[in-house]
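Below you'll find the structure, written out as structure tokens, and then a few comments.
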Amino acid sequence: MYRNNLSGSEFWTSPHKAITLLGMSGSGKTTLASRLPQRTWFHYSGDYRIGTRYLGEAILDNAKREAMKSPLLAELLRSDSIYLCNNITVNNLKPLSGFLGMVGDPALGGLGIDEFKRRQALHRDAEVRAMLDVREFIDKSLEIYGYPHFINDAGGSLCELDEPGVLEQLAEDTLIVYLKPSDEMLEKIIERSMDEPKPMYYRSEFLDHVLPEYLAEFSLSHPDEIVPSDLFRWIFPRLVNHRLPRYERIAEEFGVVLPADRIDEIHGETELIELICEALG
């Protein structure tokens, strides 16, 4: 595997470096990737690949269903007078998160349990395929575009997939680098997510475990009574505690750990490579 066969000096002198960034949303993965020279590093975004390649049609279909609830928009769509399209970018993934949705009161934009789980399952399958695509894109980025180096900006839910072969293939093709947040940074991530709740992927087993507890704590008889954003704020700290040991296990088996707080020190590839070589050493 990439990690097991690599020393710091070998990574430093390698003419073709490939990295997978692992960590929570908000830990700085996309920020770090954006600071590498665009002329030499191919930036692969797992979430962008999911939203454009694998869930693009489902996202649009969902938007069309919502638009068809308006008589005016319905008539314009039927007559091909207007059309809808995705505008997903690496820095704007709202169409993807909007499709995932949140459990709760339909009048507040919430989804029923079955529909929520259906969309979550679609996302999981798409994320598995997007991560398996990394191998092909490493080859294409060099062969077609001439990028000597490759960085895979993986989603925070990579640790949730539990799909045989995915982490193993990533570890064969890339060095997995876990951006580990300090306690202070973790508090800020949680606080920011509380202020701006956004849909995200987590496993059905996790939801099945925490949802009865939430309903009991707030004396609710049915998920349709839930305020979607309130459920997210309650779940998110629990999801963080659920994911942290998973990130640790992946890094221990397949990669290295970098303190996420040190990203501010990184303004280019030299600083990043130095930190990685230090961790490898």
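Could you tell me whether Gly109 is at pLDDT below 95 and either surrounded by fewer than 20 Cβ atoms within 10 Å (Cβ to Cβ) or within 30 Å of Asp224 (Cα to Cα) (or both)? Before the answer, list the steps.
Details: at pLDDT below 95: yes; either surrounded by fewer than 20 Cβ atoms within 10 Å (Cβ to Cβ) or within 30 Å of Asp224 (Cα to Cα) (or both): yes.
Yes: the conditions hold for Gly109.
Out of all the residues in segment 126-135, is one or more crowded, with 16+ Cβ neighbours inside 10 Å, aliphatic (A, V, I, L, M) and either without any contact (Cβ under 8 Å) to a residue 24 or more places away in the chain or farther than 21 Å from Leu22 by Cα (or both)?
Among the residues of segment 126-135, not one is crowded, with 16+ Cβ neighbours inside 10 Å, aliphatic (A, V, I, L, M) and either without any contact (Cβ under 8 Å) to a residue 24 or more places away in the chain or farther than 21 Å from Leu22 by Cα (or both), which makes the answer no.
Would it be correct to say that Arg249 is of a type outside the set (Ser, Thr, Tyr) and without any contact (Cβ under 8 Å) to a residue 40 or more places away in the chain?
yes
Would a scan of segment 90-101 turn up a residue that is over 15 Å from Gly155 (Cβ atoms), crowded, with 16+ Cβ neighbours inside 10 Å and hydrophobic (A, V, I, L, M, F, W, C)?
no
I need a count of the residues in segment 153-170 that are touching a Ser or Thr at 6+ places or on another chain (Cβ under 6 Å) and either over 16 Å from Pro245 (Cβ atoms) or assigned to a loop (DSSP other than H, G, I, E, B) (or both).
3
Look through segment 254-276, keep the residues that are touching a residue at least 24 places away in the same chain (Cβ under 8 Å) and surrounded by fewer than 18 Cβ atoms within 10 Å (Cβ to Cβ), and return whichever of them is nearest to Tyr178 (Cα to Cα).
The extreme case among them is Val257.
Return the residue satisfying two criteria in turn: it lies in segment 11-51 and is without any contact (Cβ under 8 Å) to a residue 60 or more places away in the chain and outside any loop (DSSP other than H, G, I, E, B), and of such residues it is farthest from Leu272 (Cα to Cα).
Applying the filter and picking the extreme gives Gly51.
The values are calculated or read from the model by the stated rules, or taken from the named source; none is laboratory data. None of these values were measured; they are calculated from a predicted model. All Cβ positions, glycine included, derive from the backbone under ideal geometry; neighbour counts span all protein chains shown.
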